[in-house]
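A quick write-up on the structure given underneath.
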Amino acid sequence: MHPTFTGSSTSFPGSLKGDVVLVERFCLQKYKFSHGDVIIFRSPTNQKQMFVKRLIALPGDWIQVPESSEILQIQEGHCWVEGDNPASSLDSRSFGPIPLGLVQGRVTHVIWPPQRIGQVERKMPTGRISPY
């Protein structure tokens, strides 16, 4: 999710080299999400792998697929997610809409490192949702 978050190149226990974020799970009770939220979810192809991506489209939305002329409607119980760095992001452009049941929570704040502490901005790329 670069440039929104700074990743870590190490997995050494106790090492805090990348951003540490706060994940809110109350949104899961009734799937209360908004366009532009940053969510954490299990990979649709490998349940052990977790992704952090931006929520672009919700059930019933019509979306213009990037780098394509295809417009599709997001089916009930699914959402469309994309990374903030489209040149190197594995997201719905690769695996399609994801089931809402894979969502584990919404990222609300960066809590480490101290100079990056703050709320995660909700933002949407312009012109992506169609009013069909």
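For Arg93, the criteria (1) open to solvent by less than 60 Å² (accessible area, probe 1.4 Å); (2) without any contact (Cβ under 8 Å) to a residue 60 or more places away in the chain; (3) over 20 Å from Phe26 (Cα atoms) hold in every case but one, which is (1).
For region 52-90, the set of residues classified as touching a residue at least 40 places away in the same chain (Cβ under 8 Å), of a type in the set (A, V, I, L, M) and more than 25 Å from Val120 (Cα to Cα) consists of Ile71 only. Of all residues in region 32-47, those that are in contact with a Phe, Trp or Tyr (Cβ under 7 Å, 6 or more places away or on another chain) and surrounded by fewer than 16 Cβ atoms within 10 Å (Cβ to Cβ) total 2. Looking at Ile111, Ile98, just one residue is hydrophobic (A, V, I, L, M, F, W, C) and at pLDDT 90 or above, and that residue is Ile98.
Summed over region 96-132, residues that are within 14 Å of Thr45 (Cα to Cα) and without any contact (Cβ under 8 Å) to a residue 60 or more places away in the chain total 5.
The values are calculated or read from the model by the stated rules, or taken from the named source; none is laboratory data. Since the structure is predicted, the reported quantities are computational estimates derived from the model, not experimental observations. No Cβ is skipped: glycine too gets one built from the backbone with ideal geometry, and neighbour counts run over all protein chains shown. Areas reflect the complete protein model, heavy atoms only, side chains present, ligands, DNA and RNA absent. Shrake-Rupley method; radii C 1.70, N 1.55, O 1.52, S 1.80 Å.
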